[in-house]
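Everything on this sheet refers to the single structure shown next.
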Amino acid sequence: MIQTLDFFTPVVDDPYTYGQIAAANALSDVYAMGGEPLTAMNIVCFPSCLSIETMREILRGGADKVKEAGAILAGGHSVEDDEPKYGLSITGTVHPEKVWANGNAKVGDVLILTKPIGLGILNTAIKADISTQEQYDDAVKTMIALNKYSKRAVEGLRVSACTDITGFGFLGHTYEVAKASNVSIEIFSDEIPILEGAKELAGMGIIPAGMYSNKKYLDGKVSYVNRIEEVIDDILYDPQTSGGLLVAINPLDLERALKALEKYSINPYAVVGTVVDKGEYPIYIK
């Protein structure tokens, strides 16, 4: 059995979209372990100054994503709060011998990232009302996409480790895999899919506070083999909301995985790194 819980404050103004994003984010932990969600329970904090219709739309967005996941929305609980917050507690299952943990990556594995990054930067721009409609649409499309489809593409293959990319950013979660697996990871910075507009916004200084926290946390844990642009560096530490899966897979299964992702995935994906023997640093960026 897999039991998980996640909820947060709104990242967009539209309540239905917010509900979808929060639900996709909560469901992601189950998919990251190779599991399937069974039931979901709503968690709602809601201010009395907002209309019940707004709450209804948030819950409708969440319910639609739970339905898309093939799970059952079994109820939930609400409390009055000064700021709206929404998410879900998810119960799922996975075969005990087929659990994807983040601590079993093997030397020689290749890393696949199943969604583009830069969501924290775009969400900061959206909140400041300086994003374009295209940037908004791309961010929403990425965040509401269930990791169900990427998980389906690689299940049955030799997946050694997996994690979803959320608040600690791409490098933060990559570090967790390297540390837990007692290996080092080489990252191909030129191959990482990045959302349109994220580089431009980062260059303007549109950076979430979480990026600086993530960078501080990883101080001394990352080695730059090749020099990269400052904006790319910022994006690698950028905290994500409802990000993609980072999958460590046997290289003999890589071709099959990429063909399956081409069939199932609704987001850009890429091979972004490889697992190597443990070195002086957990992460090497090339």
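Observations on the structure shown:
- Note on the chain: with charges restricted to the Cβ of Lys and Arg (+1) and Asp and Glu (-1), its dipole about the Cα centre is near 880 debye.
- Size of the stretch 61-156 as Cα extents on the principal axes (Å, biggest first): 44, 35, 23
- Whether the stretch 143-283 is rounded, prolate or oblate, judged on the alpha carbon gyration tensor where a/c under 1.5 counts as rounded: oblate
- Listed options for Cα Rg over 2.2 N^0.38 Å are (1) 0.98; (2) 1.04; (3) 1.10. The value calculated from this structure is the one marked (1).
- Considering only beta bridges that DSSP places wholly inside the chain, some 70 percent are antiparallel.
- Highest-fluctuation residue, Lys98, Lys115, Lys216 considered, GNM on the chain with Cα pairs under 10 Å: Lys216
- Put the Cα centre of the stretch 24-51 next to the Cα centre of the stretch 59-82 and the gap is 6 Å.
- Computed about the Cα centre, the dipole magnitude for the stretch 103-194 is approximately 420 debye when only Lys and Arg (+1) and Asp and Glu (-1) carry charge, each at its Cβ.
- Of the GluC sites (Glu not before Pro) found in the stretch 223-286, the ones in coil according to DSSP and having at most 14 other Cβ atoms within 10 Å of their Cβ are Glu229, Glu280.
- For the peptides 174-181, 130-137, the ranking by mean Cβ contacts within 10 Å, running from highest to lowest, is 174-181, 130-137.
- The sum of -39500 (n - 2.57) across all DSSP H runs of n ≥ 4, divided by the residue count of the chain, sets its helix-only mean residue ellipticity at 222 nm to -12000 deg cm²/dmol.
- Over 27 Å (Cα to Cα) - which of Lys67/Lys215; Lys98/Lys286; Lys179/Lys199; Lys151/Lys179; Lys141/Lys221 fall in this group: Lys67/Lys215; Lys98/Lys286; Lys179/Lys199; Lys141/Lys221
- Here the stretch 97-120 and the stretch 184-227 have alpha carbon centers that stand 17 Å from each other.
- A dipole drawn for the chain from +1 and -1 charges on Cβ atoms has a positive end, and of Val107, Tyr217, Ala198 the residue lying farthest that way is Val107.
We did not get these values from a lab; they are worked out from the coordinates using the rules stated. All values reported here derive from a predicted model rather than from experimental measurement. Please note: Cβ atoms are built from the backbone with ideal geometry, for glycine as well, and neighbour counts cover all protein chains shown.
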